[in-house]
Amino acid sequence: MNRAGRDRGVATCGEDGIWLHARHPAQARAHGPALFLDRDGTIVEEVGHLRRAEDVRLIAGAARVIANANARAVPVVVVTNQSGIGRGLFDWPDFQAVEDRIAAELSALGATLDAVLACPFHSEARPPYRHPDHPARKPSPGMLLRAARVLGIDLALSWIIGDRCGDIAAGRAAGLAGGVHVSTGWGREPGERECALSCAEASGYRVFAADGIAQAASAVPFLGSALPAATGS
């Protein structure tokens with residue numbers, strides 16, 4: 001088990017292979033909603049397997065949205081698929097260096113992430129990360145469910161923002177209230193938006209579309225008012 005101390009919380013790649021850095025324990029607050037965020041293409045620019053800290057570029061508005069959630073005492077949780085680790089393109093120390101850069105750039109703008117979870121498993125990964133359909137890899141809900149246990153999150157009140165259909169599908173599978181698909185990152189790829197919007201259900205899972213994370217926040221009830229021209233289904 002690989003552990004690295006941080007100012008708040010402990011970053012851990014556990015025996016199950018899932019990375020978890022949680023800064024605030026569940027007992028620190030009452031159960032309430034969380035804002036789940038994808039990482040690459042949602043809060044930082046998509047570069048294709050981000051492996052170098054110097055390549056980190058925050059997407060416009062990301063820090064402001066996160067700081068807004070911080071001010072409202074809403075936990076902000078990043079859930080990210082990282083098949084680059086499973087494929088051997090980079091390793092956990094590289095991932096940690098990227099996370100440190102993201103945290104530093106967010107902090108400079110008054111924003112803080114409450115937790116980061118990362119899944120390295122993929123059907124084409126090298127052992128021990130090769131898995132045909134790992135329960136933690138989005139669109140499966142494993143990382144969201146883990147975060148809920150660790151941080152004391154009420155999933156039924158929570159929302160997710162992401163650029164892939166798998167992000168929105170993971171939110172539905174975890175029982176979230178809704179998701180917002182953004183057109184940054186992979187969001188403009190053919191079929192991604194249509195797939196994301198198809199995740200809406202009559203049972204109440206709401207799905208909206210937005211240009212980017214700044215606009216997406218307007219669809220999340222605990223962050224702002226409804227999108228004036230949201231596309232949902």
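Taken together, the values in this text are just the output of simple stated rules run on the coordinates, not laboratory data. These numbers were taken from a predicted model, which means no experiment stands behind them. Reconstructed Cβ throughout: ideal geometry from the backbone, glycine too, with neighbour counts over all protein chains shown.
Structure values in brief
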quantity	calculated
Fully extended contour minus Cα-Cα distance, from S123 to T12, at 0.36 nm per residue	37.7 nm
Cysteines not pairable in the chain (beta carbon separation under 4.7 Å absent)	C13, C119, C199
Label-to-label distance, nm, for residues given as A104 and E54 (7 Å Cα→Cβ offset)	1.3
Mean separation of Cα contacts under 8 Å (6+ apart) over length of the chain, as relative contact order %	20
Shape metrics for segment 11-107, restricted to C-alpha atoms - Rg then Dmax, Å	14.0, 40
Within segment 77-99: backbone nitrogen closer than 17 Å to the R130 label point (7 Å, Cα to C-beta)	83-89
E189/R64 FRET efficiency (R0 22 Å; Cβ-Cβ; nearest 0.05)	0.30
Gyration tensor over alpha-carbon atoms, segment 143-218, equivalent ellipsoid semi-axes in Å	21, 13, 11
Alpha carbon convex hull of segment 2-219, volume per residue in cubic angstrom	112
Cα gyration tensor shape of segment 118-169, rounded if a/c is under 1.5, else prolate or oblate by comparing a/b with b/c	oblate
Environment charge of Q215, counting only residues whose C-beta is closer than 15 Å and scoring Lys/Arg +1, Asp/Glu -1	+1
Dimensions (Å) - segment 83-188, Cα atoms, principal axes, largest first	37, 35, 33
Spin-label model distance (nm) - L157 vs H31, 7 Å beyond Cα toward Cβ	1.0
